[in-house]
Ligand code: ARG
């Protein structure tokens, strides 16, 4: 079958093999050395500001440090750039170095460097030559975190999908990742729920337990209605809260049942969505309940606890209310009840002291920004989060309907996550049936699932997360444009070349790359950016940097495919082009996998 593939075997790892996987890092260190050689060791820390160029006519990389350095040294930027260039010692890495405009240093890689760098990636297809970080951290990612007895709705998709992608990327970069699903499983609402369940007619309860009666979500709503309408029910509900907090056994049994039922349901949603979150990752609010008293004590010890109208509060520095008065963060109400913030303080203590977190990442919508700022500030002031522990809130905007109002059903209700998943799959199935009517039913269903879920997640991840975005089925499922379907289809098309050409992709290992055509070179240069893109996602916590990257790569691939015949070429050229197809396909599929998105074998 693979008979007509002739691989030119050669020893690519001879002693003069100079390519390193992270070429940008290498260029950075060369430029830093040149700066030191030109201006002395006191400038060793100056960031060389290396970036891939936008336009190939300016070379492959650009160094933009001359302008800043010129200001510091009181000299002309062009003179600075010239002095740096004279000191560049890069043993054959660059074929051309020139200075443009006010003092941009343009760097062009030698053909040999480009070819060999691509060969390095080909030799490490699993990791695409992305090295693990030198300093491994323990990163806690707090995400998804739905509330017990409430349906997961459209509002939960963002935290779940963004958090999952970030956790995957941290892990791939070599960090120890601890996922924490901070489920809302504690609080006064459970008094009302448990009391309602307790008073429910036996038949209704049996129906519920058999999965035929009211769902937990409906029970929650009905219990809330009773709570609001009936004073004596409200009173019994409040007594239930007291019983729950006092650890009353019978009450705890009902509570645990509610929690288990909800968590089973969350788990099913995660499975359908392909979210890498298990029941073991749940560390709900209730877990911290026994620690809340200590938080108050510790705040007192740290001399941060103040009193305001009978409540215990802290005044984190830098927060003022509308009248310019210090803004309190309540940690214990006058009735003794603890708050969301108290639990977050306890959770942070646990994560830093018990889990040894170096970094904690909280993925919630931007309405909680102030809450987290106040919590972080308190943790710093109390000395519980030393300055070497990084705390990040990852805020995101709201999903809007086409009417630019928060996305709702036609009748104005919030959209359940499961309904959204169903619709994504059925719409994808419809589109795929049109494009490929001959696919067998099972395969078609599987592909529809992969494409539908992929598009749903990708739409979320590809938007600058801080902005609101408009939910638009047609756009997110389109086969053209910046969508999962486009990338999945690009992958399938890349791989179809191997089938058509009867080439076994694994036969390309060790192939020689000749990226001489401009379109070929652009692909390799794009491939070389992957380590920096992933690092920048980990720093900025912005997954759309990776989606943009993959989209750009796929677009470069399509123009390569138009300009450079693959199966019609011959000899070394053919092998090299096939290898570029494989590298592109693998990068798209690994990149999507890091976002939690699968690639179908066909579509
Ligand atoms: N359950 C909360 C909500 O639905 C989100 C929890 C986020 N995590 C945290 N540590 N506060 O808004």
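Any read-out appearing in this document is the output of simple, stated calculations on the displayed coordinates, not a laboratory observation. As the structure is a computational prediction, the values presented were derived from the model and not from experiment. Using ideal geometry, Cβ is built from the backbone for each residue, glycine included, and neighbour counts are taken over all protein chains shown.
Between the Cα long axis of helix 417-435 and the first principal axis of the chain there is an angle of about 40°, rounded to the nearest 10.
Can you give me the relative contact order of the chain as a percent, contacts being Cα pairs under 8 Å and 6 or more apart?
Relative contact order here is 17 percent.
Working from Cα pairs under 8 Å separated by at least six residues, relative contact order for region 271-383 is 23 percent.
With the Cα gyration tensor of region 25-105 giving a ≥ b ≥ c as the square roots of its eigenvalues, does the rule (a/c under 1.5 for rounded; else a/b larger than b/c for prolate; else oblate) give rounded, prolate or oblate? Judged from the Cα gyration tensor, region 25-105 comes out oblate (a/c at least 1.5, b/c at or above a/b). Where does the chain land at 222 nm, in deg cm²/dmol rounded to the nearest 500, when only DSSP H runs of n ≥ 4 count, each adding -39500 (n - 2.57), divided by all residues? It lands at -16500 deg cm²/dmol.
Based on the mean of other beta carbon atoms within 10 Å per residue, what is the order of 313-326, 362-375, 158-171, most packed first?
Numbers: 313-326: 13.1, 362-375: 18.2, 158-171: 24.3.
My ranking of the peptides, most packed first, is 158-171, 362-375, 313-326.
Considering only the Cα atoms of region 477-603, their convex hull presents on average a projected area of 7.7 nm². Its Cα gyration tensor gives region 314-386 an equivalent ellipsoid; the semi-axes, largest first and in whole Å, are 21, 15, 13.
Remark: relative contact order (region 194-285) = 22 percent; criterion is Cα-Cα distance under 8 angstrom and separation of 6 or more residues. Helix 518-528 axis versus longest C-alpha principal axis of the chain: approximately 40°, rounded to the nearest ten. Between residue 466 and residue 387, the FRET efficiency estimated from the beta carbon spacing at R0 = 30 angstrom works out to 0.75.
Distance from the C-alpha centroid of region 83-141 to that of region 238-253: 62 Å, rounded to the whole angstrom.
Between region 32-66 and region 334-355, what is the C-alpha centre distance in whole Å? That distance is 46 Å. Take each peptide in 455-463, 204-212, 134-142, count the other Cβ atoms within 10 Å of every residue, and average; sorted highest first, the result is 455-463, 134-142, 204-212.
If you take every DSSP beta bridge whose two residues both sit in the chain, what share of them, in percent to the nearest 5, is antiparallel?
Around 55 percent antiparallel, to the nearest 5.
What's the Cα-based Rg to Rh of region 198-271, Rh via Kirkwood? Working shown, then result.
On the way: Rg = 13.5 Å, Rh = 13.6 Å.
That ratio is 0.99, to two decimals.
Apply the Debye scattering formula to region 73-185, with a single equal point scatterer on each alpha-carbon and no solvent, then give log10 I(q)/I(0) at q = 0.16 Å⁻¹. Taking Cα atoms of region 73-185 as identical point scatterers yields -0.88. With respect to the chain, whose longest principal axis is taken over its alpha-carbon atoms, helix 484-500 is tilted by about 40°. Our note on the geometry: Cα centres of region 166-186 and region 358-418, 15 Å apart.
Give me the one-decimal nm value for the distance between modelled label points at residue 205 and residue 321, 7 Å along each residue's Cα-to-Cβ direction. About 4.4 nm, to one decimal.
D by Stokes-Einstein for region 421-546, Kirkwood Rh over Cα pairs, 4 °C, 1.567 mPa s: 76 µm²/s.
Computed over the chain, the convex hull of the alpha-carbon atoms projects to a mean area of 34.4 nm².
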